[in-house]
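Data block below; observations after.
The values are calculated or read from the model by the stated rules, or taken from the named source; none is laboratory data. These numbers were taken from a predicted model, which means no experiment stands behind them. Ideal geometry is used to build each Cβ from the backbone, glycine not excepted, and the neighbour counts take in all protein chains shown.
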Amino acid sequence: MAPSLMDYRPLRLKAIDADDLAAMSSVLQDAIAKLGDFAFLPERRQFAFVANRFVWECAGEDGGANARVRAGVHFDDVKAVRRRYLRDGDGAGDAVVELLAMRFDPGDDGEGVVTLDFAGGGAVQLDVESLSVRLADLSDPWPTRSRPDHSDA
């Protein structure tokens with residue numbers, strides 16, 4: 001039996017190593033956000049964003065429900081943030097991006113770089129003192145007609 005929105009349970013996830021981040025990345029694959037919904041808070045050493053994530057856990061392999069939910073993600077212990085090939089300046093906050101994956105490249109003593117890769121080649125890189133990430137669903141899911149398609153990827 002195909003999953004449905006009745007099967008939905010809000011996600012609350014934490015990542016503290018590369019394997020945890022890979023699992024979190026899989027549920028955020030194809031999340032859609034505006035660049036204006038990303039923020040670096042240097043005084044708090046946090047980087048955060050909100051996005052509309054596709055609810056893969058209710059979609060299933062054999063059909064199921066196509067839905068999205070608003071999700072919030074925040075990274076702690078962030079020392080610096082770099083953007084690559086993403087719009088900047090006037091109107092950039094309204095630019096829409098699609099998250100493909102998040103990955104962690106460890107360095108010395110738990111430090112490392114987290115990379116958020118977006119469709120079209122853009123990326124955000126976070127220099128972190130340690131990997132500490134939290135994801136929480138913030139809304140009820142809503143149905144959507146389209147389902148991300150990776151058949152030609």
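With the structure loaded, tell me whether Ser130 is within 20 Å of Leu5 (Cα to Cα) and polar (S, T, N, Q) or whether it fails that test. Walk me through it before giving the result.
Working: within 20 Å of Leu5 (Cα to Cα): no; polar (S, T, N, Q): yes.
No; evaluated as a whole, the condition is false for this residue.
Please pick out the residue among Val55, Val128 that is β-branched (Val, Ile, Thr) and within 19 Å of Asp149 (Cα to Cα). Don't jump to the end; show me each part of the working.
On the way: Val128 fails: within 19 Å of Asp149 (Cα to Cα).
Every option except Val55 fails the conditions.
Among (1) of a type in the set (D, E, K, R); (2) over 16 Å from Ser26 (Cβ atoms); (3) at pLDDT 95 or above, there is one condition Asp140 misses while meeting the rest; what is its number?
(3)
Report, by residue number, each residue of segment 73-110 that is part of a loop (DSSP other than H, G, I, E, B), surrounded by fewer than 16 Cβ atoms within 10 Å (Cβ to Cβ) and in contact (Cβ under 8 Å) with a residue 40 or more places away in the chain.
Residues of segment 73-110 that are part of a loop (DSSP other than H, G, I, E, B), as a first pass: 76-77, 85-91, 95, 107.
Cutting the leftovers down to surrounded by fewer than 16 Cβ atoms within 10 Å (Cβ to Cβ) gives us 85, 87-91, 95, 107.
If the condition is that a residue be part of a loop (DSSP other than H, G, I, E, B), surrounded by fewer than 16 Cβ atoms within 10 Å (Cβ to Cβ) and in contact (Cβ under 8 Å) with a residue 40 or more places away in the chain, then Arg87, Ala95 are the ones that fit.
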